[in-house]
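Student: Sending over a structure as structure tokens; questions will come in a sec.
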Amino acid sequence: MNSPSSFDTGVLVRRLSSYSPLSDADVAALKRADRSPVGYSRQDDIIRPGDAPPLLFIESGWALRYLPMTDGDQQVVQVLLPGDIVDRAAFLPGARTITAVKCATDIRACALCPRAMHEAVSERPNVARALWLGVMLDENRLLEHVARLGRRSSAEALAHLLLELRHLHKRIGAMEGETLTVPLAQPDIGDLLGITPVHVSRTISSLRHAGLIEMDRPTLRFLDVKRMSLFCGFDPAYLEAGPGPA
């Protein structure tokens, strides 16, 4: 872990604003919750099962929420992106988490003051609404992930995951055109989809040969979003709290 010299709530504000409009006073309340910056290196654990998690949001980088298995493997259940709060259990004093979060890349995070965040939620209805919508959409993502694991082929599941990541980045204006940097290693994708790294490689090749994507790791380019969506049954409604990107 290291300590960056400066940080910015802008990423969090953009994420929450994508759920519900925030006034200048709402943004000021969020800025008052700024406490301290913190940095983590790739493969660092941010939290472990049983921890009382710190109240952090990700400013830059990707992290993975996972459940450790008794055989030493892990099931990744969520990709955490810039603007995501690492664990919302941190809003509840004394709450413990059952999941772990590790860094898929170097992470730049911002620690928030729990008291100031509680004040923002209690005094600013727009902030409370945005946070609750974020909780709802996180649950939607988890339910879709269950369906992805149980009811889709590996090619459909990977296509669906990539389209989800595309949509989330488009929503906060963090993607240029149809090109997305995906810094996940093949074992990470395998742990997300419950398949081996070799199978991940074959599945990426199948999407490439179908003319749906180009990939020169870590750069991914979407070639035909409409056809890819039809192929895997992707409907972005589960990611939407209101009007979103095309």
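The values are calculated or read from the model by the stated rules, or taken from the named source; none is laboratory data. These numbers come from a predicted model, not from an experiment. Ideal geometry is used to build each Cβ from the backbone, glycine not excepted, and the neighbour counts take in all protein chains shown.
Student: Please list, ordered by first then second residue, the pairs with beta carbon atoms under 7 Å, 6 or more apart or interchain, first in segment 215-228 and assigned by TED's automatic domain parsing to the domain that holds Glu178, second among the aromatic types (Phe, Trp, Tyr).
Tutor: So the pair list comes out as Met228/Phe222.
Student: Where residues in segment 185-200 are under 18 Å from the mean Cα position of the chain (by Cα) and not charged (D, E, K, R), which of them is surrounded by the fewest Cβ atoms within 10 Å (Cβ to Cβ)?
Tutor: Restricting attention to segment 185-200, the residues satisfying the condition of being under 18 Å from the mean Cα position of the chain (by Cα) are 185-193.
Okay, now just the ones that are also not charged (D, E, K, R), so 185-187, 189-190, 192-193.
Working: Ala185: 15, Gln186: 17, Pro187: 13, Ile189: 23, Gly190: 21, Leu192: 23, Leu193: 22.
So the residue we want is Pro187.
Student: Output yes when any residue across segment 106-122 is among the β-branched types (Val, Ile, Thr) and part of a strand (DSSP E or B), and no when none is. Walk me through how you get there before you give the answer.
Tutor: Pass one, segment 106-122, residues among the β-branched types (Val, Ile, Thr): 107, 121.
Among the residues that remain, those that are also part of a strand (DSSP E or B) are: 107.
Yes, because at least one residue in segment 106-122 is among the β-branched types (Val, Ile, Thr) and part of a strand (DSSP E or B).
Student: I'd like the full set of residues that are among the charged types (D, E, K, R) and part of a strand (DSSP E or B), limited to segment 32-65. Write out each step before concluding.
Tutor: Step one: list which residues in segment 32-65 are among the charged types (D, E, K, R), which gives 32, 34-35, 42, 44-45, 48, 51, 59, 65.
Those that are among the charged types (D, E, K, R) and part of a strand (DSSP E or B): Asp34, Arg35, Asp45, Glu59, Arg65.
Student: When residues of segment 207-220 are filtered for being within 17 Å of Glu156 (Cα to Cα) and either surrounded by 12 or more Cβ atoms within 10 Å (Cβ to Cβ) or among the β-branched types (Val, Ile, Thr) (or both), how many remain? Write out each step before concluding.
Tutor: Our first condition is that a residue be within 17 Å of Glu156 (Cα to Cα); within segment 207-220, this holds for 207-215, 220.
Checking the rest, the ones that are also either surrounded by 12 or more Cβ atoms within 10 Å (Cβ to Cβ) or among the β-branched types (Val, Ile, Thr) (or both) come to 207-208, 210, 212-215, 220.
Here the count works out to 8.
Student: Continuing with the same structure: Assess whether Glu164 counts as being touching a residue at least 40 places away in the same chain (Cβ under 8 Å), crowded, with 16+ Cβ neighbours inside 10 Å and not in a strand (DSSP E or B). Working first, answer last.
Tutor: Working: touching a residue at least 40 places away in the same chain (Cβ under 8 Å): yes; crowded, with 16+ Cβ neighbours inside 10 Å: yes; not in a strand (DSSP E or B): yes.
Yes, satisfied.
Student: Among what's in segment 66-86 and is in a strand (DSSP E or B) and not aliphatic (A, V, I, L, M), pick the residue that is surrounded by the most Cβ atoms within 10 Å (Cβ to Cβ). Break it down stepwise before answering.
Tutor: First pass over segment 66-86, keeping only residues in a strand (DSSP E or B): 66-68, 74-80, 85.
Narrowing the set further to residues that are not aliphatic (A, V, I, L, M) leaves 66, 68, 74-75, 78.
Details: Tyr66: 21, Pro68: 14, Gln74: 17, Gln75: 16, Gln78: 17.
So, considering only residues that are in a strand (DSSP E or B) and not aliphatic (A, V, I, L, M), the one surrounded by the most Cβ atoms within 10 Å (Cβ to Cβ) is Tyr66.
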